[in-house]
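First comes the structure, then the notes that go with it.
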Amino acid sequence: MAKKQTESFNLEDVRPRLERTAFVPTLVAVTDDPDYVDDETVLGVDDLAAAKIGGAPFLSKEAPAPKCGKCKQPLRFVLQLRRSELPPAAQATLADELLQLFWCDDCQSSGGAEDPWSKGALIREVALGEPIAPATANLEDEDEDADADALSVTFIRDWREAQDYPSPLVESLAAALEVSAKSEATRERLETLAEAMDEAELETLDGVKLGGWPRWVSEPETVKCKCKAVMQPVIQLGESAVVVGDGGTTWIVACPACGKKAYFCQQ
Ligand SMILES: [Zn+2]
Ligand SMILES: [Zn+2]
């Protein structure tokens, strides 16, 4: 459908086209060391099968502790989500009960974070079966210096609906409204729209969220699947909530055509 060149980008008119439903969780930070308890962190224990950032992952015989595909050292566990706890709209993107993200700090820090298909990270879906214990290679250390390994885990709970808006950048708004930002006149109207969004405090949600619009750290970008389809964000891990590798914001993206998962970062 051709759009009129003179189309107005009056905020109230275009708002329904900009608004997307996102889901944001309650994050509960937990430690097992009373010294680390503060306003934001409560005393507690880890839960292998919970949706969380950090702590110990759920591992099974079918899904053991993974190693880096580049340097072969054990990957660091970053995140797992429970499919059954997600809002129904998001459940369709997962095939198994757990979605896990692991990360090699060494390989991902040296530029690997920009490659969605890097072997320095692993996204996998795991059925919730019989758990096996996580590796206990640091057992001796724990006896001598228990403080070094205080539990630090953030549970992801209670997803709730929130309205989300694209970044107030000309390119993002043009993409959201499916117009070309080539003409100066269109750019000016999009800039006016961006100002109106700022005034109305319509923002792109930061932190952890499902769906919605990406909160770009730098230029907007898209990831294409190996099957050529444009991949869609499943979850955003904003820097305010979780630091992965060198920092920045990380997204797990899924292919709507073939279901493949990948991730990408912006720093
Ligand atoms: Zn590595
Ligand atoms: Zn695909």
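The values are calculated or read from the model by the stated rules, or taken from the named source; none is laboratory data. For clarity, every value in this text was computed on a predicted model and none was experimentally measured. A quick note on method: Cβ atoms are made from the backbone with ideal geometry, for glycine too, and the neighbour counts reach across all protein chains shown. Ligands, DNA and RNA are excluded from the accessible area calculation, which covers all protein heavy atoms including side chains. Shrake-Rupley method; radii C 1.70, N 1.55, O 1.52, S 1.80 Å.
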> Once the dipole of the chain is set up with Lys and Arg at +1 and Asp and Glu at -1 on Cβ about the Cα centre, which of 159, 127, 237 lies farthest towards its positive end?
Replying inline: 127
>> Through the Karplus equation 6.51 cos²θ - 1.76 cosθ + 1.60, θ set to phi - 60°, convert the phi angles of the range 220-237 into ³J(HN,Hα) values in whole Hz; use x for Gly and Pro.
In response: x, 8, 10, 10, 9, 5, 4, 8, 5, 6, 7, 7, 10, x, 9, 9, 9, 10
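With a cut-off of at most 10 other beta carbons within 10 Å, and DSSP calling the residue loop, which GluC sites (Glu not before Pro) in the range 24-130 qualify? Please list them. Let's see the in-between values first.
Values: sites: 40, 62, 85, 97, 114, 125; in loops: 40, 62, 97.
Here the GluC sites (Glu not before Pro) that fit, given the DSSP loop and packing criteria, are 40, 62.
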> Roughly speaking, to the nearest percent, how much of the chain's 1.4 Å accessible area is carbon and sulfur?
Replying inline: 49 percent
> In the chain, what percentage of the DSSP-assigned beta bridges are antiparallel, given to the nearest 5?
Replying inline: 95 percent
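Go through the range 157-189 and name the trypsin sites (Lys or Arg not before Pro) that are in a DSSP coil and have 12 or fewer other Cβ atoms within 10 Å of their Cβ. Walk me through the numbers on the way to the answer.
Details: sites: 157, 160, 182, 187, 189; in loops: 182.
Listed in order of number, the matching sites are 182.
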> With each pseudo-label sitting 7 Å past Cα toward Cβ, what's the residue 8-residue 267 distance in nm, one decimal?
Replying inline: 4.6 nm
> Pulled fully out, how much extra length does the chain show between residue 46 and residue 171, if you take 0.36 nm times their separation in residues and subtract their Cα-Cα distance?
Replying inline: 40.7 nm
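Which loop trypsin sites (Lys or Arg not before Pro) in the range 58-106, with loop taken from DSSP, have no more than 11 other Cβ atoms within 10 angstrom of their Cβ? List each step's numbers first, then the result.
Details: sites: 61, 67, 70, 72, 76, 82, 83; in loops: 61, 70, 72.
In loop regions of the range 58-106 (DSSP not H, G, I, E or B), the sparsely surrounded trypsin sites (Lys or Arg not before Pro) are 61, 72.
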> Roughly what would the spin-label model give for residue 161 and residue 257, points 7 Å off Cα along C-beta, in nm?
Replying inline: 3.2 nm
> Once amide H atoms are placed 1.01 Å from N in the peptide plane, what residues at a sequence separation of 5 or more from residue 260, or on another chain, have their amide H within under 5 Å of its amide H?
Replying inline: 255
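Counting only heavy atoms of protein chains, what accessible area per residue, in Å², does the chain have with a probe of 1.4 Å? Mind showing how you got there, number by number?
Numbers: 14400 Å² over 267 residues.
Here the per-residue accessible area is 54 Å².
Given a Förster radius of 51 Å and the C-beta distance between residue 32 and residue 222 as r, what FRET efficiency does 1/(1 + (r/R0)^6) yield to the nearest 0.05?
On the way: r = 41 Å, r/R0 = 0.81.
The calculated FRET efficiency here is 0.80.
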> With each label point set 7 Å from Cα along the Cα-Cβ vector, what nm distance links residue 70 and residue 119?
Replying inline: 1.1 nm
> If you put +1 on each Lys and Arg Cβ and -1 on each Asp and Glu Cβ, how big is the dipole of the range 1-79 around its Cα centre, in Debye rounded to 20?
Replying inline: 920 debye
> Using a simple charge model, +1 on the beta-carbon of Lys and Arg, -1 on the beta-carbon of Asp and Glu, nothing else, what dipole does the range 11-266 show about its Cα centre, in debye to the nearest 20?
Replying inline: 1940 debye
> Given 103, 54, 220, which one lies farthest toward the positive end of the charge dipole of the range 11-266, if we put +1 on the Cβ of every Lys and Arg and -1 on the Cβ of every Asp and Glu?
Replying inline: 220
